[in-house]
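The values are calculated or read from the model by the stated rules, or taken from the named source; none is laboratory data. Given the structure is predicted, the values throughout are model-derived calculations rather than measurements. Methodologically, a virtual Cβ is constructed for each residue, glycine included, from the backbone with ideal geometry; neighbour enumeration extends over all protein chains shown. SASA here: full protein model, heavy atoms, side chains in, ligands and nucleic acids out. Shrake-Rupley method; radii C 1.70, N 1.55, O 1.52, S 1.80 Å.
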Amino acid sequence: MKLVVVGGVTGGASTAARVRRLDAKAEIVMFERGEHVSFSNCALPYYLGGVVESSDHLLVVTPEDFKRRHDIEVRTRCEVIAINRKSKTVTVKDLTDGRKYEEPYDKLMLAPGASPILPKTIAGIESKNVFTVRNVTDIIALKNYAEKSGVENVVVVGGGFIGVEVAENLCKAGKNVSLIEGTEQIMTPFDYDMVQILHKEMDDHGVKLYLSSTVTAVNAESGSVTAVKEGQIFKVPADLVVMAIGVMPETKLAEEAGLEIGETHGIKVNHNYQTSDPDIYAVGDAVEIFNKMLHTYGRLALAGPAQRQARAAADHMYGIPHNNTGYIGSSCVRVFHQNAAATGLSEKAAAKAGYHFDSVLLFPSDKPGSMPDSHYMGFKLVFEVPTGRILGAQAIGVGAADKRIDVIAAMITMNGTLEDLKELELCYSPVFGTAKDIVNMAALVALNILYGRFTQVHVNQVRPLVESGAYIIDVREADEYNKGHIKGAHNIPLSELREHLDEIPQDIPVYLHCRSSQRSYYALSALAGRGFHNIVNISGSFLGLSLYEYFNDKMTGREPIVTAYNFD
């Protein structure tokens, strides 16, 4: 069998390597139009900040390595420009000398990836100071330009993974960085209440955020970009511009060959990653795949799923069955000191899909307080009502956010419920976590909500309550209250609650909070046991509220609803 692979990196290279393991006699030829066939594209931004010290460290496997280790022939700087399905050949153009030739195949794998979006509507988009990040060549050119004399102000356009990572690393490289994002937030896998932690983190480290703003022009000569927000035009200094507003799947080759394209403009594939031509497979960023949570097809530009797709496709070529369960969308990112991870559905995605759901937001410590590296971790758990099925989760903190989300990803994959998560037995040591881990705690809180043991309001509902004069009780100790509290809140510490029962009204809603919702839950239970039926817990409590309000208050200049923010 002869396998021809179009495109290297994750999908193409993984397919070729798997076929070789399955078939020692197969002839395998891989074409890559770039200079490098296998590199860590997820690590590209970290070369800018010096985390990856040399561009050579970005290279995973060279063509020589492929030949020596796996007997796979790799031809770089060779572009496949046509698929000839009747003759089962591809037309190849050697980019070094312009020569064209035909290469036959028995099976063809398409892994062309996706290319960065460069809107032609932006004037000056083709200026020499505009860069994208797709491969090693791109990142070397970008870093070389950034290190030129006089290049101080950088504008990153787009607040997704690449945009945020590029902004962070260029900031660490000493540049004045601005990030312009068209929506109201960066990092769309996270809900608005959670992403405020990341907004604050970037702002704290000097990255200027321009949200709900659209770039209309790159002015290379004057060293600026022009943008607009709510009809107001403004300019941002820009010696260097990095476009990271998203990618589009490279489907031209497939389209011209008459292969079917899906509704989301990715190459349409079946259960086994075959295209509409059974001898042609496709994987990676260019394909349209099944979303397990939404029961629709979509695109997912992540390395992990691409590797699994590649293995499944290669197996199918040799009659090995594959259980295609679709994707749930697990991802993580580091933003300066904060680690952030998400899986499954956010609240906004669940709402858009028509789920009946609820969520809980916690800010517990990721380790016992006796540990010097104990920190809070924001954790949000989204679940279906009334089944309790886990739909998604988000975690942000200095500690191991990815570890917690990996647990939830496994639960979602196994169709786990809150009851399953409550009973999940996890490793424990004070140096790693708490005996009742954050994910177990979230399940317990969510079950209380699901079963109606108490009611809650979310942090985004607190401002209207404060502005309307709602009765709010802060059950923290007096010294905590004095450092910062919700305006108008009554301070009745948990330790003194029983002595002040007659002060608490029973004819109107009473909202409780503490630092992270734990003590307020104890207070709620105590009051419920004494006949109070009007008690509501504030999800996320004062820490969550401070993190939620801080950046919005700073950006909008609106009046804070707290006397002082508290992030401890």
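Of the strands (runs of 3 or more DSSP E) entirely within region 233-311, those holding at least 1 residues that are surrounded by fewer than 18 Cβ atoms within 10 Å (Cβ to Cβ) and of a type in the set (V, I, T) occupy 296-298. Does region 193-210 contain at least one residue that is aromatic (F, W, Y), open to solvent by 10 Å² or more (accessible area, probe 1.4 Å) and modelled with pLDDT of 95 or more? Checking region 193-210: at least one residue is aromatic (F, W, Y), open to solvent by 10 Å² or more (accessible area, probe 1.4 Å) and modelled with pLDDT of 95 or more.
Looking at N291, is it among the polar types (S, T, N, Q), at pLDDT below 95 and closer than 26 Å to A17 by Cβ? No; evaluated as a whole, the condition is false for this residue. Checking the stated criteria, V360 turns out not to satisfy the condition of being open to solvent by 30 Å² or more (accessible area, probe 1.4 Å), in contact with a helix residue (DSSP H, G or I) (Cβ under 9 Å, 6 or more places away or on another chain) and of a type in the set (A, V, I, L, M). Cβ separations smaller than 9 Å between residues 6+ apart or across chains give no pair from region 355-380 residues that are over 11 Å from G399 (Cβ atoms) to residues that are assigned to a strand (DSSP E or B) and open to solvent by 50 Å² or more (accessible area, probe 1.4 Å). A Cβ distance below 7 Å, combined with a sequence gap of six or more or placement on separate chains, defines the contacts here; from region 400-416, residues that are buried (at least 21 other Cβ atoms within 10 Å of the Cβ) reach residues that are of a type in the set (F, W, Y) in the pairs R404/F379.
Can you tell me which residues in region 444-491 are aliphatic (A, V, I, L, M), out of contact with any Asp or Glu (no Cβ under 8 Å at 6 or more places or on another chain) and closer than 30 Å to G416 by Cα? Within region 444-491, L444, V445, V457 qualify.
Taken over region 95-122, the criterion of being assigned to a strand (DSSP E or B), modelled with pLDDT of 95 or more and open to solvent by 20 Å² or more (accessible area, probe 1.4 Å) is satisfied by K100, Y101, E102, P104, K107. Checked across region 362-377, the condition of being hydroxyl-bearing (S, T, Y) and more than 28 Å from E201 (Cα to Cα) holds for no residue.
Residue-level check: of (1) buried (at least 17 other Cβ atoms within 10 Å of the Cβ); (2) under 20 Å from S276 (Cβ atoms), I72 misses just (2). Within region 174-185, being buried (at least 24 other Cβ atoms within 10 Å of the Cβ) and either of a type outside the set (D, E, K, R) or in contact with a strand residue (DSSP E or B) (Cβ under 6 Å, 6 or more places away or on another chain) (or both) holds for V177, L179, I180. Take the residues of region 14-36 that are closer than 21 Å to P104 by Cβ and of a type in the set (A, V, I, L, M): which is most open to solvent (accessible area, probe 1.4 Å)? Per the stated criteria, the residue is A24.
Assess whether V60 counts as being surrounded by fewer than 19 Cβ atoms within 10 Å (Cβ to Cβ) and either over 15 Å from A314 (Cα atoms) or aliphatic (A, V, I, L, M) (or both).
So V60 fits the description; yes.
Residues in region 547-568 that are assigned to a helix (DSSP H, G or I) and among the hydroxyl-bearing types (S, T, Y): Y548, Y550, T556. Hey, any hits in region 141-157 for a residue that's out of contact with any strand residue (DSSP E or B) (no Cβ under 9 Å at 6 or more places or on another chain), open to solvent by less than 40 Å² (accessible area, probe 1.4 Å), touching a residue at least 40 places away in the same chain (Cβ under 8 Å) and in a helix (DSSP H, G or I)? Yes, some residue in region 141-157 is out of contact with any strand residue (DSSP E or B) (no Cβ under 9 Å at 6 or more places or on another chain), open to solvent by less than 40 Å² (accessible area, probe 1.4 Å), touching a residue at least 40 places away in the same chain (Cβ under 8 Å) and in a helix (DSSP H, G or I).
Which of the residues belonging to region 164-173 are open to solvent by less than 10 Å² (accessible area, probe 1.4 Å) and out of contact with any strand residue (DSSP E or B) (no Cβ under 7 Å at 6 or more places or on another chain)? Give the derivation first.
Within region 164-173, the subset open to solvent by less than 10 Å² (accessible area, probe 1.4 Å) is 164, 166-170.
Selection gives N169 alone.
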